[in-house]
Amino acid sequence: MRVLVVDDDLLLARSLATILGAEPDIDVVGVGASRQEAVAGFRERRPDIVLMDIQMPGSNGLDAAEQILAVDPDARVVFLTTFTDDDYIARALRMGARGYLIKQDVVQIAPALRSVMTGMSVLEGKVLERTAAMGLAADTATPEDTRPPVFDALTEREYEVVQAVSDGLDNAETAGRLHLSEGTVRNHISAILAKLGLRNRTQIAVLYYRGSQRP
């Protein structure tokens with residue numbers, strides 16, 4: 001997938017671009033720091049997803065999203081922000097945003113974007129609670145909700161290890177991606193094998209890709 005990252009903190013935007021660009025299925029096609037750069041970047045590069053902050057100088061991400069959706073009503077806009085304000089959430093969902101994530105755990109961003117590419121809308125847990133309180137109906141899921149049912153017995157972190165293993169990462173690479181020690185990764189893999197009744201890493205990857213091929 002091709003992703004445009006926009007955040008008024010350019011250092012943060014570049015850091016997110018580096019993290020996402022390390023994913024084998026994500027190509028970061030541009031980085032911006034303002035509404036104007038978001039709209040121009042979308043027009044020029046036509047990314048699959050615009051990952052954008054709400055608050056930006058001179059305007060905000062909501063205004064940028066409206067302009068982008070005016071250009072292409074099918075554009076996929078995902079907000080990544082620290083704000084859970086009801087007005088922001090309601091406006092974002094009503095305009096057709098595909099996701100509203102809170103800046104907390106960056107390892108959840110890539111799985112969320114993959115869910116958006118499958119046609120889902122993705123809301124972080126606190127935002128989902130607010131939409132329920134506001135009575136806003138949406139076909140949404142949190143990133144952890146998108147896992148195949150066969151992995152229900154795993155913790156969120158164990159499932160992230162499954163995804164890393166399925167991407168072909170070894171223990172050191174998995175540790176780097178998830179900011180863990182190699183020993184912790186080994187312990188997680190042992191727990192995964194025991195919970196799922198599997199024998200090795202290859203079986204983990206096979207089960208992951210079979211489970212992901214849902215109708």
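None of the figures in this text is laboratory data; all of them are computed from the coordinates on show. Owing to the predicted nature of the structure, the values given are computational and were not obtained by experimental measurement. Ideal geometry is used to build each Cβ from the backbone, glycine not excepted, and the neighbour counts take in all protein chains shown.
Some notes on this structure:
- Between R199 and R45, the modelled label-to-label distance comes to 4.6 nm, taking each label 7 Å out from Cα in the direction of the beta carbon.
- In this simple spin-label model, placing a label point 7 Å from the Cα along the Cα-to-Cβ direction at both K103 and A191 gives a separation of 2.9 nm.
- Fully extended contour minus Cα-Cα distance, from M95 to R210, at 0.36 nm per residue: 37.9 nm
- Contour minus Cα-Cα distance for D9 and D74 (0.36 nm per residue): 20.7 nm
- Mean shadow area of the stretch 149-212 over all directions, Cα convex hull, nm²: 3.7
- Radius ratio Rg over Rh of the stretch 1-81, counting only Cα atoms, Kirkwood formula for Rh: 0.93
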